[in-house]
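The values are calculated or read from the model by the stated rules, or taken from the named source; none is laboratory data. Since the structure is predicted, the reported quantities are computational estimates derived from the model, not experimental observations. Cβ placement follows ideal geometry from the backbone for every residue including glycine, while neighbour counts extend to all protein chains displayed. To get the accessible areas, we keep the full protein, side chains included, count just its heavy atoms, and leave off ligands, DNA and RNA. Shrake-Rupley method; radii C 1.70, N 1.55, O 1.52, S 1.80 Å.
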Amino acid sequence: MKLFKAGAAAAVAVVLSLTATACGGGSGSAGDGGTAGGGKDKIVIGIKFDQPGLGLKTPDGKFTGFDVDVATYVAKELGYQPDQIEFKQAVSAERENMISNGDVKLVVATYTINDRRKAKVDFAGPYFLAHQDLLVRADDTSITKAEDLNKKKLCSVTGSTSAQNVKTKLAPEADLQEYPGYSECLTGLENKAVDALTTDGSILAGYAAQEKNKGKFKLAGLKLSDEPYGIGLKKGDKELQTKVNAALKKMVEDGSWQKAVDANLGPAGYKADPAPQITEGS
C-alpha cells in the first residue's frame, strides 16, 4: 500500500512538472510572437500579403517576395527553420499595434523607419532603401511630376506615409483617396476612379510587372523620398534588435541579400540601391 501511494505521488509530481513547463515563457512564449512551451517552437512574423515581389500570399497559400526571403533568413539566424515560421498579414495601419500587443515577434512589411513609428516600436536595419514614386495609366501623359497631381485624384493605402508626403509637401491640392489595400487602388486606377497610385517604387514595380497588369500601367520614374525599410520589433528589446541586425549584416556579406533582390525585383526591371548601412541600435 505504501509503495502504491509513493508511485502515485511520483506520477502526480511528473504531471505537475510537465504542466509547469508547458505554461512557461521564454523567448517563444505565447502572446510574444511565439508558441508557448518550446521556446523556439514557432516565430510569428508580420508581412504584407498583397505586394508582388515583396510580400505576397499566393492562391495556393504560399508566400513569396523579397521581404519574405529577408524574414526567412533572419528567422533562420534566430534559430527557426522555415516550417517554424508563421506569417501573419500586417496591414500598414496595424503594424505598430501588432508588435506592441505581442501578436508578432517581427514585422518585415515594407516598413519605413521614421520618428513617429519609433516612438512606439523599435527597428532593426534598415535592410533596403526604396524611393516613393507614382504609378499611372500607361496612356496617361498628364502626370510626369508630383505637382501634376494638384486637382487630380491620388490613391494610397490607409496608414501609409506616401500619400501624406505628396499631400503635405508636393501637391497640397491633390484629392487624396485612401483605400484599405493596394489592390483596391489598382482597380480604381484601371477604372479611372483615381488618376495615380503612390507608394514606394519597389512596390509599384511589382504590381506593374504582374501578368494581368502588363501594358496597363507605368511608373513615373520619380524619386520623391527616401524610404529606409526596417524590421519592426517590440520597443526596448535590445537583445533581439542586436541579433536581427547581425543577421541582416550576414545576409549582405554572404550574397544572399543581392540574390533575393535579383530574384524578386529583377523581373520587374526595378533598379535597387545597394544595401544600406545599418543604423538602428547603434
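What to note about this one:
- Stokes-Einstein translational diffusion, the chain - Kirkwood Rh over all Cα pairs, 1.306 mPa s, 10 °C, in µm²/s: 78
- Over segment 97-177, equivalent-ellipsoid semi-axes from the Cα gyration tensor in Å: 30, 13, 12
- Space enclosed by the convex hull of the alpha-carbon atoms of segment 42-107, per residue, Å³: 75
- Length released on extending from K76 to K259, taking residue separation times 0.36 nm less the Cα-Cα span: 64.2 nm
- Charge dipole (debye, nearest 20) of the chain; +1 at Cβ of Lys and Arg, -1 at Cβ of Asp and Glu: 600
- Spin-label pair K249/T58, simplified geometry with 7 Å Cα→Cβ offset, distance in nm: 3.5
- The Kirkwood radius of segment 99-234, taken over pairs of alpha-carbon atoms, gives through the Stokes-Einstein law at 37 °C and 0.692 mPa s a diffusion coefficient of 213 µm² s⁻¹.
- Calculated over segment 170-209: convex hull of Cα atoms, volume per residue (Å³): 77
- Sorting T58, T199, T158 by accessible area puts them as T158, T58, T199; the probe is 1.4 Å, largest comes first, and only protein heavy atoms count.
- Screening the chain for whole DSSP H helices of 30 Å or more along their axis (Cα) with average Kyte-Doolittle hydropathy at least -0.5 returns 2-23.
- Measuring nothing but how far apart in sequence close Cα pairs (under 8 Å, 6+ apart) lie, relative to its length, the chain scores a relative contact order of 23 percent.
- Remark: spin-label model distance D273-A119 equals 2.5 nm, labels positioned 7 Å along the Cα→Cβ axis.
- Atom-type composition of the exposed protein surface of the chain places 54 percent of the accessible area on carbon and sulfur (1.4 angstrom probe).
- 12 Å reach of a label modelled at T158, 7 Å along Cα-to-Cβ, counting backbone N of segment 88-117: 91-94
- Exceeding the 18 Å Cα-Cα cut-off - candidates K120/K169; K57/K88; K105/K238; K88/K238; K88/K235: K120/K169; K88/K238; K88/K235
- Estimated from the Cβ-Cβ distance and a Förster radius of 41 angstrom, the FRET efficiency linking K145 and E86 is about 0.45.
- Using 0.36 nm per residue and subtracting the Cα-Cα separation, the extra length available between E190 and T242 on full extension is 14.3 nm.
- The residues of the chain expose on average 48 square angstrom of accessible surface per residue, using a 1.4 Å probe on protein heavy atoms.
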